[in-house]
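The values are calculated or read from the model by the stated rules, or taken from the named source; none is laboratory data. Being a predicted model, the structure only gives us computed values, none of them experimental. Glycine also receives a Cβ, built like all others from the backbone with ideal geometry; neighbour counts cover every protein chain displayed.
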């Protein structure tokens, strides 16, 4: 079990994403919350409690970054935000690598408007030791897990 990397009053968050527009949008959503505090990469006095990692599943370097980030920040919890379709196997492997949450970014504008609040709630849950998976992915992942256990 990972140790806590911050005090209980605020959650230091590190945003890592190749898509600068998405990173800025996410930061704008979350930094308005009173319990969220942006952390800076490489600064020991602002070690992130939660790392929000934006990935595109179509880019293999984004997927490989999950393992690297977990190794670089072993005390932090990692929330993956997937832009685009993500195969169930990718989600399962991300949890095996040690992520604490995996959310699929909604493609339609109406759903995207509420996504900031969903991410904020996910950060709070995983910071307290819980795990989060996007409701849209849950049935597919459970099906994949049960299919694997039946074939074993």
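In the range 19-33, the residue that is modelled with the highest pLDDT out of those that are under 17 Å from residue 103 (Cβ atoms) and assigned to a loop (DSSP other than H, G, I, E, B) is 33. Only a single criterion out of (1) out of contact with any strand residue (DSSP E or B) (no Cβ under 7 Å at 6 or more places or on another chain); (2) under 27 Å from residue 142 (Cα atoms); (3) modelled with pLDDT under 80 is not satisfied by residue 62, namely (1).
When the range 93-111 is limited to residues that are more than 14 Å from residue 54 (Cα to Cα), surrounded by 14 or more Cβ atoms within 10 Å (Cβ to Cβ) and out of contact with any helix residue (DSSP H, G or I) (no Cβ under 6 Å at 6 or more places or on another chain), the one that is modelled with the lowest pLDDT turns out to be 93.
Condition test on residue 114, is it out of contact with any helix residue (DSSP H, G or I) (no Cβ under 8 Å at 6 or more places or on another chain) and surrounded by fewer than 16 Cβ atoms within 10 Å (Cβ to Cβ)? In short, yes.
Checked against the criterion of being free of Cβ contacts under 8 Å to residues at least 60 places away in the same chain and over 16 Å from residue 26 (Cα atoms), the candidates 51, 133 yield just one match: 133. Inside the range 85-107, residues that are more than 14 Å from the chain's Cα centre (by Cα), farther than 19 Å from residue 28 by Cα and in a loop (DSSP other than H, G, I, E, B) make up a count of 2. Taking the range 112-131 as the search range and keeping residues that are out of contact with any strand residue (DSSP E or B) (no Cβ under 9 Å at 6 or more places or on another chain) and outside any helix (DSSP H, G or I), which one is nearest to residue 49 (Cα to Cα)? Residue satisfying both the conditions and the ranking: 128.
Condition first: more than 14 Å from the chain's Cα centre (by Cα), on the phi < 0 side of the Ramachandran plot and in a loop (DSSP other than H, G, I, E, B). Can you find one or more residues in the range 132-152 that meet it? Looking through the range 132-152, at least one residue is more than 14 Å from the chain's Cα centre (by Cα), on the phi < 0 side of the Ramachandran plot and in a loop (DSSP other than H, G, I, E, B).
In the range 34-51, is there at least one residue being assigned to a loop (DSSP other than H, G, I, E, B), at pLDDT below 80 and farther than 19 Å from residue 127 by Cα? Yes, there is a match, as at least one residue in the range 34-51 is assigned to a loop (DSSP other than H, G, I, E, B), at pLDDT below 80 and farther than 19 Å from residue 127 by Cα.
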